[in-house]
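Right, one structure below, let's go through it.
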Amino acid sequence: MRRSLISLWLIALMSNAFAADYELPVLRGSTPFVPAPPVYTRWSGYYVGGQLSASIAGGDFASSVGSLVSYAVRNSVLESHVSNWTTLPKGDMHGAGFGAFVGYNSQWDEVTLGVEANYTHSSLSRSASDSLSRSFVDNTNAPASHEYTYDATVTANASVKLTDFATFRARAGWVAGDFMPYGFAGFAVGRADITRSATVTATVTDRVAGVIVGTFPLILPPTQNSTQTGAYALGFAGGAGVDVLVKSNMFVRGEWEYVQFPNIKYTNVSINTVRLGAGAKF
């Protein structure tokens with residue numbers, strides 16, 4: 001019995017040692033496992049779609065009537081005093097719109113680069129009216145020992161109606177399954193109806209040794225008016241959004257866009273727009 005147990009123990013030791021030194025054979029000609037490359041949703045190619053939008057815009061009328069005031073007081077003592085008065089304030093405007101877009105994407109794995117033209121028909125309009133009065137002393141035309149005090153008033157009106165605008169963008173996107181968030185930047189073209197008017201009135205008070213000799217009205221040109229329908233303006237645009245695939249060739253989108261027109265007939269207009277759209281890609 002003792003001999004049998006010793007024999008079994010020796011056999012177990014030898015088996016363990018043999019197994020430790022033995023390597024399993026590898027079948028010649030076998031192919032190692034290679035994982036399949038990732039598959040990305042295809043966004044490359046042309047696409048087209050339509051959209052609805054809501055906009056909040058700011059109209060800065062500070063410089064809107066400056067050219068009209070300058071013309072009214074040209075070649076007078078008032079020119080250097082009133083030409084640069086900021087008569088009109090800023091104001092906000094709200095409106096809805098609709099439009100369309102068309103573009104093209106190139107794709108490298110999860111990265112897309114493309115160009116797009118985006119059009120919006122809008123209903124943004126704003127008007128402003130105000131007046132500003134100031135007094136100043138200018139003895140340019142005063143006789144010796146006389147002091148001339150001028151009391152001038154500028155009354156101004158301006159309005160802007162932005163009928164439509166378009167942006168031409170360069171886009172960059174990142175493919176995340178059926179989602180493609182993107183950012184863009186480019187330039188904008190707008191069309192607006194602009195009206196402006198300005199009236200300058202003034203009196204001069206003549207004093208000698210502090211005593212009023214008389215007060216006389218200045219003879220100035222009548223109200224200056226300017227109206228232009230369909231005035232074009234250039235600006236810049238930027239923003240971000242996301243396209244979401246709903247079928248193999250159909251997608252929906254949501255985006256935010258900022259557009260600024262620094263000079264629509266001396267009026268600065270900046271627009272923040274949010275959009276919902278749908279499109280097809282080819």
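Only the coordinates and a few stated rules stand behind these numbers; no lab work does. Bear in mind the structure is a predicted one, so any value in this text is a computation, not a measurement. Heads up, the Cβs are rebuilt from the backbone with ideal geometry, glycines too, and the neighbour counts pull from every protein chain shown.
Descriptive notes on the structure:
- Region 35-98-region 141-198 distance, computed between alpha-carbon centres (Å): 4
- In order along region 268-282, the Karplus-derived 3J(HN,Hα) couplings, from 6.51 cos²θ - 1.76 cosθ + 1.60 at θ = phi - 60°, round to 9, 10, 10, 10, 10, 10, 10, 9, 10, x, 9, x, 10, 10, 10 Hz, and Gly and Pro are given as x.
- Mean projection area, nm², convex hull over Cα of the chain: 33.5
- Extension gain for Leu52-Arg134 works out to 24.8 nm (0.36 nm per residue, less the C-alpha to C-alpha distance).
- Counted by Cβ distance under 12 Å from Ala100, the other residues give a net charge of -1, where Lys and Arg count +1 and Asp and Glu count -1.
- Furthest towards positive pole of dipole, Leu218, Gly230, Thr167, structure part region 141-260, Cβ charges: Thr167
- Counted by Cβ distance under 11 Å from Tyr40, the other residues give a net charge of -2, where Lys and Arg count +1 and Asp and Glu count -1.
- 12 Å beta-carbon shell around Leu124, net charge (K/R +1, D/E -1): 0
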